[in-house]
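Have a look at the structure below, then the notes.
Taken together, the values in this text are just the output of simple stated rules run on the coordinates, not laboratory data. From a predicted model like this one, the values you see are computed outputs, not experimental measurements. Counting neighbours? That spans all protein chains shown, and the Cβs are built from the backbone with ideal geometry, glycine included.
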Amino acid sequence: MKRINNISSQAGHIADLVPDQNQPRVYIETYGCQMNVADSEVVLSILVDNGYSVSHDPEQADVILINTCSIRDKAERKVFRRLDLFDRIKKNNPDILVGVIGCMAERLKEQLVNNYRVVDIVIGPDAYRKLPELIDEAGTGQKAVNVLLSREETYADISPVRMDKNHVTAFISIMRGCNNMCTYCVVPYTRGGERSRDPQSILREVDNLIKSGYKEVTLIGQNVDSYKWKENGGNIEVSFSGLLNKLAEAMPDMRIRFSTSHPKDLPDEVLSVMSRYNNICKHIHLPLQSGNNRILDLMNRGYTSEWYIGRINAIKRILPDCSISTDIITGFCSETEEEHKETLSLMEWVGYDFAYMFKYSERPGTKAARKLKDDVPEEVKSRRLTEIIELQNKLSHKAKIKDLNRVYEVLVEGVSKKSDNDLFGRTSQNKVVVFPARNYKPGDTLKVRINNCTSATLLGEPV
Ligand code: SAH
Ligand code: SF4
Ligand code: F3S
């Protein structure tokens with residue numbers, strides 16, 4: 001099918017792109033972290049600029065793309081199940097091209113090309129500009145591959161096609177890759193070395209979002225505290241706190257969030273900038289992983305539990321109203337029962353508002369896979385995970401009880417899943433609040449008094 005080059009690169013929103021019979025149609029499915037969501041938006045933008053339209057149904061598409069995640073074995077298995085489905089779709093329509101993009105493309109490369117007949121295209125996270133050419137190449141019957149990682153690519157000049165559901169909140173990628181080499185983690189291999197994006201291009205992107213009516217941005221990177229940009233021939237250096245400061249100052253009506261902070265790098269300066277600006281949300285995601293120093297060292301996390309406690313104390317001192325969330329990995333190589341208990345007691349001490357909790361999943365090629373034994377039995381991992389989840393449920397509930405009778409400013413994101421008469425939104429602390437809709441609509445900000453809670457949300461009344 002012939003491609004017609006579109007004129008606009010002010011890419012807009014996926015909901016406004018209608019499938020066009022005269023243009024090839026692309027269907028995209030996204031797994032993994034926020035970074036992948038932001039990347040899918042870049043991918044769509046590149047394709048729309050090259051004459052593609054969007055399909056919301058894989059069976060109606062000319063090209064199916066699946067943006068993949070390798071972080072745990074389970075994430076990869078989910079993608080293989082989707083590939084089985086696409087294989088069945090292709091049996092009815094052999095002209096459909098299927099592309100695997102993202103972290104699995106990078107990690108499994110030729111394996112995907114050679115062992116999976118359904119896969120026509122394999123493209124790693126730094127090669128998306130080459131997508132139109134590679135799709136053309138695959139169209140001639142050859143399999144097309146590009147998994148080169150880059151030291152510079154940040155897609156800074158590309159206006160993403162937004163895929164959020166609410167037209168209120170958006171992600172902005174401020175850096176790519178990671179230099180930390182935590183021993184369990186596949187990300188440095190799938191996404192390459194760390195590089196930061198030009199602050200001017202970030203400012204421009206936020207500005208475009210404001211013009212399109214967005215009210216909140218989340219700045220994303222694997223380790224935002226190591227954001228660094230050199231300007232003026234290297235004479236001026238912009239750090240993450242500098243970037244936050246610039247954005248908060250320039251866009252007082254835009255709420256700003258960020259993720260992820262690294263405990264070894266989170267400086268007081270970032271906390272001070274957060275305290276100075278109302279529009280920077282009071283929430284920090286600070287992955288702990290383990291509460292035991294021997295395990296933290298084996299993980300190469302670069303901090304001790306004492307250091308982590310120091311960072312939490314700094315947050316509580318400088319930002320008394322700040323919520324704190326975390327990531328935990330349980331059952332890492334050689335973790336003992338005592339060491340697991342240290343994780344539980346540190347979680348209890350911090351009193352997290354929220355946590356993502358995982359069983360350790362060995363990733364081929366990582367340092368842990370090469371040098372350490374994945375020797376905690378599956379049933380022990382499961383039992384420890386259950387204990388961690390049960391503790392976190394208790395901590396989340398406690399945090400919610402503390403919020404009762406308080407009044408919070410809420411940015412409305414949409415209609416509640418449970419009732420059309422209710423809306424939901426988030427507080428600065430990233431807590432979800434459900435309340436009667438009255439005349440409010442998505443994008444509004446209002447004050448809500450919290451009067452009840454469920455296990456996942458706060459309930460309240462507008463005041
Ligand atoms: N860059 C971020 C998050 C990376 S991935 C950070 O450093 O915090 C998100 C989370 O997945 C990690 O924080 C970790 O808790 C978890 N994770 C990463 N690799 C894992 C593995 N091999 N097994 C289980 N969980 C893992
Ligand atoms: Fe992975 Fe560690 Fe980098 Fe996070 S900081 S992406 S856990 S290597
Ligand atoms: Fe997964 Fe890649 Fe993100 S491995 S968590 S999609 S960086």
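Miscellaneous remarks
- Put a plus charge on the Cβ of each Lys and Arg, a minus charge on the Cβ of each Asp and Glu, and nothing anywhere else: the dipole of segment 259-395 about its Cα centre is then about 380 debye.
- Computed over neighbours whose Cβ is under 12 Å from that of ASP375, the net charge equals -2, Lys and Arg +1, Asp and Glu -1.
- Cβ-defined net charge surrounding ALA437, 10 Å radius [Lys, Arg +1; Asp, Glu -1]: 0
- Distance from the Cα centroid of segment 388-434 to that of segment 105-128 is 40 Å (rounded to whole angstrom).
- What you get for the chain, charging only the Cβ of Lys and Arg (+1) and of Asp and Glu (-1), is a dipole of about 600 debye around the Cα centre.
- Equivalent ellipsoid semi-axes, segment 387-432, via Cα gyration tensor eigenvalues times 5, rooted, Å: 23, 14, 10
- Centroid-to-centroid separation of segment 172-244 and segment 14-90 [C-alpha atoms, Å]: 24
- Rounded, prolate or oblate (a/c below 1.5 giving rounded, otherwise prolate when a/b exceeds b/c) for segment 228-342 by Cα gyration tensor: prolate
- Tensor-based shape of segment 14-146 (alpha-carbon gyration tensor, a/c under 1.5 rounded, otherwise prolate or oblate): rounded
- The chain - mean residue ellipticity at 222 nm from DSSP helices (-39,500 (n - 2.57) per run, n ≥ 4, rounded to 500): -11000 deg cm²/dmol
- Ascending count of other beta-carbon atoms within 10 Å, so fewest first, for MET357, MET347: MET357, MET347
- Among the listed pairs LYS246/LYS447; LYS394/LYS441; LYS74/LYS282; LYS109/LYS215; LYS74/LYS394; LYS78/LYS371, a Cα-Cα separation exceeding 29 Å is found for LYS394/LYS441; LYS74/LYS282; LYS109/LYS215.
- Residue exposure sequence - VAL100, VAL186 - by fewest surrounding Cβ within 10 Å: VAL186, VAL100
- Global geometry of segment 140-201, whether rounded, prolate or oblate, following the gyration tensor of its Cα atoms and the 1.5 cut on a/c: oblate
- 10 Å beta-carbon shell around ILE280, net charge (K/R +1, D/E -1): +4
- Note on LYS165: aspartates and glutamates with a C-alpha under 14 Å away, same-chain residues under 8 apart excluded, are ASP16, GLU41, GLU216, GLU413.
- Cysteines of the chain lacking any other cysteine Cβ under 4.7 Å from their own Cβ: CYS33, CYS69, CYS103, CYS178, CYS281, CYS322, CYS333, CYS453.
- Estimated Rh, the chain: Kirkwood, alpha-carbon pairs, angstrom: 23.6
- Beta bridges by DSSP in the chain, antiparallel share as percent, to the nearest 5: 40
- Counted by neighbouring Cβ atoms within 10 Å, the residues ILE46, ILE89, ILE66, ILE174 run from fewest to most as ILE89, ILE46, ILE66, ILE174.
- Of all DSSP beta bridges in segment 164-281, antiparallel share, percent nearest 5: 35
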